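Below: one structure, written as structure tokens.
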Amino acid sequence: MRKSLLSKAVTAVCATVMCLGVTACGGNSSAKSDKSNSDSSSSSEKIGMHQIAGVTAKGELGKKPTVSFKTPMTVEDNSYVVLQKGDGAQIEDGDRVCSQGIAISVKDGSELASTWEKNTPDCSTVVTSDTSQMTENYYKIFKSLKLNSTVAFGVNDSNSSGTSYLMVLTLVSKSKDLKKATGEKVADIPADLPKVTLAKDGKPSIDMNGYKGSDSLISQDLIKGKGAVVKDTQSVMAHYTGWLLDGTQFDSSWDRGQSSAFSLDSVIKGWKQGLAGHTVGSQVLLVVPPSLGYGNKDQEKIPANSTLVFVVDILAAY
């Protein structure tokens, strides 16, 4: 939950490179050939974005490419070029795509930032036709690509330094987000905690079971997932519901019909501390005391000094 309650989705931000409006940047690779600058002139009309000319890329597919162009050059926002056609699996609807990224100045060709050296891919891109999450043009571009493809986007930056650049992304892995917690039900849950029951679709309901709260954070697996361990520096995709100790529900992604994404750096301390260390696929019962929640301040439907109870399904971490 965000410091001002979770919104429907978090704005995706590239981890260590400057971002263009699309989410991106990502993980492991296997490669073979040296394919460069695919002919995408026909697709540019369908996609409706300006085609960047004069840019080439060399190198093994799925590895850091060597990008060349004559400097200085100018680029427009909402411009792109596919530099290398990948040889991996086709990108499909609902894929979470991980990309390694390089930001390259179009003024002098210098490298402004790169995720390759520290292997810090960004996996915030979900390929979807939902225009609230991805524009139609970017959706068409990503859907046309395979893993190990490299695509460059133009960013005409109007900041005070006037830095315009190419955002060069190599798509290196993909996965599907879970729809609900999956794994083994935990048998040894303390008997005095609130009791959680699940609907067929996974939505939780709760019986407070006479529970009076805790002065310290409670972070209890209800279902133990088999995915990667969540780090407190990551972002997560989750389904969740939150209640007050009297059983009043104040927020739920299930009721909105859409899971929520958020950075663990942008949420209350109880969420950051309580979700870190659990695994993707897990369902976690959190009891958050006021000191790790909203303290002595009212927050919309949450009174001051409230202990908060959450059931959180961890669907992805990136």
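Some observations on this one:
- Residue check: residue 64 meets all listed conditions (1) closer than 24 Å to residue 50 by Cβ; (2) more than 19 Å from the chain's Cα centre (by Cα); (3) open to solvent by 40 Å² or more (accessible area, probe 1.4 Å) but one, namely (1).
- If the condition is being within 20 Å of residue 193 (Cβ to Cβ), aliphatic (A, V, I, L, M) and either touching a helix residue (DSSP H, G or I) at 6+ places or on another chain (Cβ under 7 Å) or not in a loop (DSSP other than H, G, I, E, B) (or both), then the stretch 240-267 contributes only 244.
- Sub-7 Å Cβ pairs linking a first residue in the stretch 265-282 that is farther than 14 Å from residue 221 by Cα to a second residue that is charged (D, E, K, R), at least 6 apart or interchain, are 266/2; 266/3; 267/2; 267/3; 268/3; 272/232, ordered by first then second residue.
- Being open to solvent by less than 50 Å² (accessible area, probe 1.4 Å) and out of contact with any strand residue (DSSP E or B) (no Cβ under 7 Å at 6 or more places or on another chain) is true of residue 208.
Residues checked against (1) of a type in the set (Lys, Arg); (2) at pLDDT below 95; (3) part of a strand (DSSP E or B):
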{"site": "97", "(1), (2), (3)": "no, no, yes"}
{"site": "116", "(1), (2), (3)": "no, no, no"}
{"site": "132", "(1), (2), (3)": "no, yes, no"}
{"site": "158", "(1), (2), (3)": "no, yes, no"}
{"site": "175", "(1), (2), (3)": "no, no, yes"}
{"site": "180", "(1), (2), (3)": "yes, no, no"}
{"site": "190", "(1), (2), (3)": "no, no, no"}
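- Of the residues making up the stretch 213-228, those that are in a strand (DSSP E or B) and touching a residue at least 60 places away in the same chain (Cβ under 8 Å) are 218, 219, 220, 221, 222, 223.
- Among the residues of the stretch 92-134, those that are closer than 19 Å to residue 166 by Cβ and open to solvent by 60 Å² or more (accessible area, probe 1.4 Å) comprise 107, 108, 111, 112, 117.
The values are calculated or read from the model by the stated rules, or taken from the named source; none is laboratory data. Keep in mind that this is a model prediction, so the values were computed, not measured. Every residue, glycine among them, receives a Cβ derived from its backbone with ideal geometry; neighbour counts consider all protein chains shown. Accessible surface areas use protein heavy atoms only, side chains included; no ligands, DNA or RNA. Shrake-Rupley method; radii C 1.70, N 1.55, O 1.52, S 1.80 Å.
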